[in-house]
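Note sheet for the following structure.
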Amino acid sequence: MEWRRSYGRAPKMIHLESNFVQFKEELLPKEGNKALLTFPFLHIYWTECGDTELYKTTVKDDITKWQNVLKAHSSVDWLIVVVESDAKKKNKTNILPRTSIVDKIRNDFCNKQSDRCVVLSDPLKDSSRSQESWNAFLTKLRTLLLMSFTKNLGKFEDDMRTLREKRTEPGWSFCEYFMVQEELAFVFEMLQQFEDALVQYDELDALFSQYVVNFGAGDGANWLTFFCQPVRSWNGLILRKPIDMEKRELIQNQEATLLDLRSYLFSRQCTLLIFLQRPWEVSQRALELLHNCVQELKLLEVSVPPGALDCWVFLSCLEVLQRIEGCCDRAQIEANVSHTVGLWSYATEKLKSLGYLCGLVSEKGPNSEDLNRTVDLLAGLGAERPETANASQSPYKKLKEALSSVEAFEKHYLDLSHATIEMYTNIGRIRSAKLVGKDLAEFYMRKKGPQKAEVYLQGALKTYLAEGWALLVTHTRKQLAECQKQLGQIENYLQTSSLLAGDNHLTEEERKRFCQEILDFANQQAENQAQKVILPMHSFAQLKTLHFDPPNAVVHVGGKLSIELTLLSQMPIPVHVDQVAIHVHFSIEKNSYRKTAEWLTKHKTSNGVITFPNEIPGVSLQRNNLPALELYEMYERSPSDNSLNTAGIICKNVHMLLRRQESSSSLDVPSGLTLEDGAHVLKCNNLTLEPGDNKITFDIQAKEPGTYTLRQLCTSVGKVQFVLLHIYPIVQYDVYSQEPQLKVEPMTESLLAGIPQKVKFTVTTGHYAMKSGDTLQLSNADAMPILYHPESKAVIYSNTREKISESSLRIQSSEKITSISLPVAPAYHVIEFELEVMYLPSATESAVVKENSANKENHRKNKEKQKQDNCMATVDQKVTIDCPWSIYSTIIALTFCIPFNAKHSLLSAGKRKYVQVCVQNLSELCFQLSDYSLKNSAECTDLQLVPLNPASQQVMYSKQSIFFVWELKWTKELPLSLQCLFSVSFCPATSEEQSLTLKPFTYGFQVENFFTLYHVKTEIFPPLDAEYCKTGSLCSLEVSITRLVELSEVDRDEALTESDGYCTTKLMYEVVDNSSNWAVCGKSSGVISMPVAPRATHKVHMEVMPLFAGYLPFPDVRLFKYLPHHSAHSMQLDADSWIENDNLSVDKNVDDQADSSSIRSRGSLHSTASGEHKGLPMPRLQPFSPGQVFNSSTGMQILVIPSKDDHVLEVNVT
Amino acid sequence: MAVCIAVIAKENYPLYIRSVPTENELKFHYTVHTSLDVVDEKISAMGKALVDQRELYLGLLYPTEDYKVYGYVTNSKVKFVMVVDSSNTALRDNEIRSMFRKLHNSYTDIMCNPFYNPGDRIHSRAFDTMVNSMMMQVC
C-alpha cells in the first residue's frame, strides 16, 4: 500500500496490519489515551438488512446510536457496509433503486460523504459481480483505514510533541514520554519502517543524554534523580529478545535504573539495526554506549559497587559480540574485525581490571576480602537468563567462570587477549596490539612468568624505539629491566640498566639505582675473571669530539701526538673507570704523500677537532642511523660522436641504504667483535667519569710510519666493558718518515743575470738530525760566484712551520768549493737560509759567440719571439752540492735571465754614417746605465766613432728602450765590414751600494757594406703650363741616380768591364707607389747601365698621375743590382748574401711593416725564381745593402690640387 | 579543554606532546601512540581521494572510557592528536575543528621560522602558549 504523508515526506510502501475487533463502547479510546497500537482506526458497521421496514425500525436506530457513540468519542472514521444477497434482491425487484437500503443509509448518514457506505453483494458467491464488489470494498477499506491511520498518527505525533514541549514543567516524567514515543516506534516497526523506528529511539537516546549532560551542568530535572539510584544489578545487555519486556515494565513503572534504561534502549536499537542489516553499527554504537554509560554514571554520581561496571561492560561487550556473530557469517565477521575489535579490547581491559580487583592476578591467589568482593559481584549479576541458560557459552557463564578461580581467569583472560592481539595485528593496528601485549606482559609479570612477558615487552619496545617515543621507551624498558632481572639475563639486564641510567626521562633516583646496579655487578669479585660483559657504549657514554695535537694528525716517526677525547658520560653519578682504550688499526699506506712535510704544510686547514654526530641517547631513531643519500649525476656519451646517450643519477651508497635494518640493537651484541689485535691499543687508566663531559687525553709516541685508524673505543668498569664498535666518521692519524731534502729556489720569480740576487736554501732534515760540523759543499763556478754577508742567518723551523731558532751561518769559500756549515737541528725540522748569487755572463765572447752562432738561424726567430712576448734569453747554471746525509751530490740548476736585448742599425745621411744601438730592458727592474761605449774591435785607427749621446748616466725603466747613436767618421778608405762592440755598465737603479763590481753588458755586432754608392734623387714636375700638379693630369717624374765613388771593392764583382776601358754596372730601378697615390704611366722599371765613376749620373723620366689632391708623398724608387747570368761562380756567395741582405732590409724596414713584407715577398719570389733556374743563364736582381744607396728625396711631398672638373668625389670612410 | 595535545611527524615520532600536568603523562603518551593506528587507517582510506579536496580533520579517532581522541592531519602528513576528556560534553565537533585549525596555524608559524629544522622537536614559546590556552579553557 502506498503511503503518502504530510510535510512532503516521501511516499513509502508500507504494510499495515489490522485487527478486526467487535465493537464495544469500552474499547473506544478515552481522552488522553496514548496507545497507538491498539487504537481503533476505523469503525465498520455491518448490516445485512434488506428490508426497508426492518431498517426503519431497528437498523437505523442502531446506526444512529453507533454514530452517536462515535461522535461522542470524536471519531470520524467509520464505514457502513451493506451486504446484499441476490436472493433478497430478486424478491424486491419492484423496489426502486432510489429507495434501496443503501440509498437510505446514504441519505440518512452520509450526507456529504457518500463514500462512507459500501455495498458488498453476495460475498459468498463466486461471481464476477461479487468479486467486483469485494474489490471495491477492500479498496475503500484500505483507503479509509490509511486515512484514519495517517490522521491519528499525525495527531499522535502532535500530541507527543506537545508532551515533549512540556518537559520543562516540573511534573514531567521521562518514562511516560518514553512510552509514548516508543509507541510511535512500535508503529513504525509494525509498518516495517525500521529506519523511522530507529529515529524514534535515537531521539529518546539523545534527549536522555541531553538531560544527563544538563544535569551534570547543574540543571537537574526531578525525574532524573530517580535514575540516580545506586546500581544494584549489572547483568549486562540482553540483545536476544526483540523486546525486553522485563525492562520495559520497569521503565513503565518508573523503576528502571540508568543501566536498565540504557540497556533497554540499546537492545531496541540493536534489534532495529539488525533488521536494517547494519550489524557493524551495532558494535560501534555499543562501544559508544558503554563508554557513555560509564561517563553518565560518573556524572550523575550514581553509587556503583567496585567492579560492577566492569562486569556490566564485560557482559555487554560479549553479548554484543555474540549477537553480531549470531546474525553474520564467519567471513563477514572477519572482514569487519575493525568494527568489533574495539569491543574485544574493551572486554579484555575490563576482565583485566576485574581480575586485579578480585585478586585473581596475584601470585598467591585471592584473599578473603577479594573473595567477598567476588561474591558480591556475582550476586549483582543475578540469575542467568532463561534464553541462555541452556547454551554452553554465554557471557554470563564466562564471567562467572572467570571469576571463580585463578586458573579459569587466566585461561579466559589469555584467550581474550590473544584474540584481541590477533585481531589488531590482522587489521594492521600494530600499536594497539602492542599495547594489549604490554598489558599481557604486565599480567605475566604479576604471575611470575617473566619469560613470557619478555617477548611482548621486546615487541612493544621495538615499536616505540622505531617511532621514537621516548617516554614509552623508558617505561617499557623499565618493565623489561625488571623482567630481565628475573630471568637472570645478566648481559641484557645490564644493558637495559645502562640505557635506563642514561635516560633523562627517569628521575634522578631511578637513574642512580640502575647505575648502581651496573656498578655493583661490575665490582663483583667473580671467580671467573675472564668472562667479561661487553655492552655497547652509546648508553653509557657518548663520544662527542676528538682533538688531535698537532691538529693535522700527522706526526713524524718518534714524534709525539696527543689525542683528546671528549666523552659525555650519561651516568647520573661519577663512575670510576679502570681503563679507557682505543683500538687502533695500523696500515702501511702506499700513497705516502700524506706523510710528507709538504703535505703537512699545505693542509693546515683542519683545526684537529673531529666532532661526532650527536645522537640522542636511547632514542636513536633508525632513520637517523641511515646514512644520507649520496647521489651523483651520470652521463653516458656515445663513443663515436660524443652525443649524450643517457643521463641519470647514481646512488653511490646503495649498499648502505638498502641494507636490512638491524633488528633490535639490544639483542645483538656481537661477541665476536670484541677486542682487536692488542698491538695497537691506546690506553688510559684509572679515570673517573663525571656526569657530563669528560676529557681524556692519550699520548702517543709515534713509532712505525703508516696510517693509524681509530676503530673502537672501550671503557672497562670492573667486569663490564662498554665498547663503541665503530668510530665514525673515520678518524686517522699518520706517522711518516721522510728523507732529508735540499731545495734551492730563487726568492724572486726569476733570476736575472748580472746582478746579485737572493736564493733561498731550504733543508728539510727529515729523519736526519743535523750535527755540528755538517756542511753543504757547493762547487763553485766561475760564472756564478756566491756572495754572502757575514750577518746572514739560518732559521730553523719545526715541521709545522713554527720558528724555533735562528743562528748565524758560517760560510767558507775556497777556490773550488764554498762550504756552508749548517746549524744544529733536530730531525724533522726545516732549515732555511738565503744566499746571494750572481750570474756573470762570463766573457764577452760568450755573448758574442752566442749571438753569432745564433744569429743566422735564430735571429729572425728571436726577433719574432721578442715581438710577441718579450721573453728574455735564459742561461742555465748548474751547481753541484754535497749534502752531509748523502754520499751523492745534488745537482741544482739555476736559470738566469738576461735582462737586456740590444739591436743595432746603420743610418746614413748622404755619405755620413751613423750607428744606432737600441738597448731594451726586458726585466721588471729599473737599471741605471753608465759608461756606455762603442768600440771598433778591428785595429783601425783611421776610423772614429763619435758619440752623440748626451748624459753619462741614464736610468732605464722596466720594459723601456734606450737608443745610443754614434757617428762614423773615417779618413781613409773604409773597410768592407766593421766589427763593433757595444758595452754598457749597469746596476739596479734602486740599490745604493755601488761596491759591487758588476760586469758591463756587452753586445757585439758587425756592419758591412755601409758605404754609400749611389745617390738617388726624385723630382716631380707639374705639366708645363701649370703651376701645380692636378689630380688626373700627368706630371713628369725625374729620377736621377748618381754614383758617388769609384769602383770599390764592394761592387767589384758586379762591375762589367767594357771594351773601351771603363766599367759599368747594371742597375735596375723601379718606381713603386705602395699607397696608390700615384698612377705610374708607362714603364715603371728599367735597367740602366751605370758607369763606375764618381759623379756619373743617370736620369730617368716617366709620367705619373696623382690620384688624389693634397700633399702626396713621392713614389718610392728602388735600386737593385742587376747581375748578368754569367756569374755562376758567385752562386754560393750570392745565396748567402742574399739572405743576409734580406735580413738587413727587414731590419731597415722594421717600422714599416707593409713595405718590408712586400719587399720580402718580392725577394723571396726572386730567390725562388733564381733557385729554379739555377742552371739557366738568367739575369738576377740583388738589392743593395742599407747605406749603399742614399735616397735624398725620401719623405718629400708635393702639393697636388684638385682638378676643377672633378665629377667624382670619392669619400672613403675608414 | 583538551587534556593532551600532540604533534606527530610524518614518520610517527612525536614532535611535540604536552598533557595536563595533573594527570599521568605516560598514559597520554600511550593513548596518543595507539591512536596513530586509527590515524594511519583513516589516512590510507582517504588516500584515494583527491589530495587537494581532502578533509584535514579526521574526526573522532576512538573513544575510551575517559577520553576522546581526535585527529587531524596536514597535507605534509604531520598529525595533530588531541585528547579530550569524555565528560566534557560541551565540546562539539565544530569546536574541535576550530581548535585544530588554530593548532595548524600555529604549527605553520613554526615551520616558517627559518631557524626551525623541519623534523626537529618543537621548542617554541608561542606554540606552548597556544597549546596552554587550549588546555586551560576548562569549561
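The values are calculated or read from the model by the stated rules, or taken from the named source; none is laboratory data. Computed from a predicted structure; not experimentally measured. For neighbour counting, all protein chains shown are included, and Cβ atoms are generated from backbone atoms with ideal geometry for every residue, glycine included. Side chains are part of the model used for accessible areas, which takes the heavy atoms of the whole protein and leaves out ligands, DNA and RNA. Shrake-Rupley method; radii C 1.70, N 1.55, O 1.52, S 1.80 Å.
Some observations on this one:
- Normalised convex hull volume, segment B:94-139, alpha-carbon set, Å³ per residue: 66
- Of the trypsin sites (Lys or Arg not before Pro) in segment B:7-36, not one is in a loop by DSSP (not H, G, I, E or B) with at most 12 other beta carbons within 10 Å.
- In plain terms, the C-alpha convex hull of segment A:237-286 casts an average shadow of 3.2 nm² when viewed from every direction.
- Derived scalar couplings ³J(HN,Hα) [segment A:917-924; Karplus, 6.51 cos²θ - 1.76 cosθ + 1.60; whole Hz; x for Gly, Pro]: 10, 10, 10, 10, 8, 9, 8, 8
- The HN-Hα couplings worked out from phi for segment A:815-828 by the Karplus form 6.51 cos²θ - 1.76 cosθ + 1.60 (θ = phi - 60°) are 5, 9, 10, 9, 10, 10, 8, 7, x, 6, 9, x, 5, 6 Hz, whole numbers, x standing for Gly and Pro.
- A Förster distance of 30 Å, applied to the separation of the beta-carbon atoms of residue A:750 and residue A:779, puts the FRET efficiency at 0.85.
- Close amide H pairs (under 5 Å, H built 1.01 Å from N) link residue A:721 with A:533, A:534, A:535, residues at least 5 positions away or on another chain.
- Residue-by-residue Karplus 3J(HN,Hα) for segment A:897-908, coefficients 6.51, -1.76, 1.60, Hz, glycine and proline x: 10, 8, x, 10, 9, 10, 9, 10, 8, 10, 10, 9
- Rh by Kirkwood over Cα pairs, then Stokes-Einstein D for segment A:276-383 at 1.002 mPa s and 20 °C, µm²/s: 141
- Measuring r between the beta carbons of residue B:94 and residue A:632 and using R0 = 41 Å, the FRET efficiency lands at 0.20.
- Principal axes of segment B:1-132: Cα extent on each, largest first, Å: 39, 37, 25
- Nearest-0.05 FRET efficiency for residue A:249 and residue A:275, computed from C-beta distance (R0 22 Å): 0.45
- Debye log10 I(q)/I(0) at q = 0.17 Å⁻¹ for segment A:701-759, Cα point scatterers: -0.79
- Gyration tensor verdict on segment A:468-560 (Cα atoms; rounded if a/c is under 1.5, prolate if a/b is larger than b/c, oblate otherwise): oblate
- Measuring with a 1.4 angstrom probe and ignoring ligands and nucleic acids, residue A:370 comes out at about 20 Å² accessible.
- Listed residue pairs exceeding 27 Å between alpha carbons, taken from A:913/A:959; B:27/B:102; A:695/B:10: A:913/A:959; A:695/B:10
- Measuring spread by the Cα atoms of segment A:692-841 yields a radius of gyration and Dmax of 23.5, 81 Å.
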